[in-house]
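First up is the structure itself, then whatever we jot down about it.
What follows is calculated from the coordinates using simple rules that are stated; it is not laboratory data. All values reported here derive from a predicted model rather than from experimental measurement. As a convention, Cβ positions derive from the backbone with ideal geometry for all residues, glycine included, and neighbour counts pool all protein chains shown.
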Amino acid sequence: MVNQDCQTEDELKRDLVRFSKWLYRLGFVPGTSGNLSVRIDRNRLLVTPTGVSKYLVRAADMVVADMEGRKLAGTRKVTSEIGMHLAIYGKRADVQAVIHAHPPIATAFACAGWPLDEMFCQEAVMTLGPVPLARYATTGTDEVAESLAPLVEEHNAILMANHGAVTCGGNLLDAFLKMETLEHVAQIRLAAHQLGNIRTLEGEQTKSLLLAKEKYVRNVA
């Protein structure tokens with residue numbers, strides 16, 4: 001799989017900076033948390049470095065890594081959570097970008113042990129689908145990739161128990177929008193729970209939305 005948007009490496013670096021800053025401004029990557037990656041080509045990724053604020057990160061800080069997570073180029077170290085990115089790329093040839101972040105409300109659901117897999121909101125059906133909860137894994141270890149592996153092929157957004165969330169997409173914008181939508185859906189789910197009456201979409205309602213999604217995708221392709 002190659003870079004479908006035909007962007008140069010420098011353009012991809014600038015995109016990584018841009019979306020890193022957007023995630024920071026949304027409050028999804030406080031401190032030095034979170035990481036982003038994008039395919040350069042079949043064998044190489046551009047990834048954000050470890051230990052750098054996503055608000056302060058620069059294009060020159062980005063690291064080139066191979067599909068084993070080894071650094072090929074760059075002055076900084078590859079993110080310590082490269083394993084979760086590789087777990088997704090390894091199973092999803094269609095994925096061009098991966099974002100890991102800590103959106104507060106979605107992360108609260110992950111800490112409470114609640115997936116966001118109920119179809120209670122049209123946006124959830126049209127954009128995300130059910131969002132499962134990966135089992136607990138210690139950050140920066142092989143356990144993270146192992147916890148995601150059973151879920152990656154069927155889901156574009158996954159909550160990570162007591163940790164955060166990860167989304168993937170056809171490019172960085174796609175992955176970013178899924179992360180933004182995930183937090184939006186989590187906010188709606190929390191408010192509906194507080195109101196005490198959640199009405200889920202069932203049967204024909206969900207089917208109609210999926211058909212509408214297919215039509216939309218064809219129109220924008």
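Look at E11, E202 and count the other Cβ atoms within 10 Å of each Cβ; fewest to most, that gives E202, E11.
With contacts defined as alpha carbon pairs under 8 Å and 6 or more residues apart, what's the relative contact order of segment 107-221 in percent? Show your work: numbers first, answer last.
Working: 146 pairs, mean separation 34.0, N = 115.
Once divided by the residue count of segment 107-221, the mean separation gives 30 percent.
For the chain, the longest principal axis of the Cα atoms and the long axis of helix 82-91 meet at an angle of about 70 degrees. When semi-axes √(5λ) of the Cα gyration tensor in Å is calculated directly from the model, which label among [x] 25, 21, 15; [y] 35, 20, 15; [z] 29, 20, 16 fits? From the options [x] 25, 21, 15; [y] 35, 20, 15; [z] 29, 20, 16, the structure gives [z].
Its Cα centre serving as origin, segment 9-220 has a Cβ charge dipole (Lys and Arg +1, Asp and Glu -1) of approximately 560 debye. For the listed residue pairs K54/K178; K91/K178; K54/K215, the alpha carbons are over 27 angstrom apart in K54/K215. Exposure proxy for E118, E153, E183: other Cβ atoms within 10 Å of each Cβ, ordered fewest to most, give E153, E118, E183.
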